[in-house]
Amino acid sequence: MTSITTIIKHLKRVMAGEYSRELSEKMPRKRQQAQLGYRQGGTLIYGFRRLLVDAEQSARQVLQRGERKALTTDKVMVIPGPPE
């Protein structure tokens, strides 16, 4: 029984290490996207709204609450909302 437990524990450690490695490969891309001004998730700050842009960064439309982008090539940027 202890040998099976040892094998399972080792397998879990290997899986955790692989997950960590995969996640560390994704982070530079997310950081680069955030520096370019693209939205990364989370709640929107009061007074701002989401703008859908295409691959050439041309504005497509302002997204309303609950709306999502349809194309994977499009990105979402955060822009100031109307003054009122």
Exercise. Going 7 Å from the Cα of ARG29 toward and past its Cβ, which residues in the stretch 42-84 have a backbone nitrogen under 17 Å from where you end up?
Worked result: 55, 71-76
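What length, rounded to one decimal in nm, is gained on full extension from LEU36 through to HIS10, with 0.36 nm per residue of separation minus their alpha-carbon distance?
Net length gain for the segment: 5.3 nm.
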Problem set entry | Estimated distance in nm for a label pair at LEU44 and SER20, the labels positioned 7 Å out from Cα along Cα-to-Cβ | 3.8 nm
Seminar exercise, completed: The farthest towards the positive end of the charge dipole of the chain, of the residues GLY66, GLY17, THR5, given +1 on Cβ of Lys and Arg and -1 on Cβ of Asp and Glu, is THR5
For this session: In vacuum, with every alpha carbon of the chain counted as one equal point scatterer, what does the Debye formula give for log10 I(q)/I(0) at q = 0.10, 0.11, 0.15, 0.18 Å⁻¹? Two decimals, please.
Result: -0.44, -0.49, -0.68, -0.84
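For Cα pairs less than 8 Å apart in space and 6+ apart in sequence, what is the mean separation divided by the residue count of the chain, i.e. the relative contact order in percent?
Values: 71 pairs, mean separation 21.8, N = 84.
Averaging sequence separation for qualifying contacts and normalising by length gives 26 percent for the chain.
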Problem set entry | MRE, 222 nm, helices only [DSSP H, n ≥ 4, -39500 (n - 2.57), over the chain, to nearest 500] | -15000 deg cm²/dmol
Problem set entry | Using alpha-carbon coordinates, inclination of helix 2-35 to the longest axis of the chain, degrees | 20 degrees
Seminar exercise, completed: Of all lysine pairs in the chain that are eight or more residues apart or on different chains, those with Cα atoms under 23 Å apart total 5
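Readers should treat all values here as calculations from the given coordinates under stated rules, not as data from a laboratory. Because the structure is predicted, anything quoted here is derived from the model rather than measured. Because the Cβ atoms are built from the backbone with ideal geometry, glycine has one as well, and the counts that use them run over all protein chains shown.
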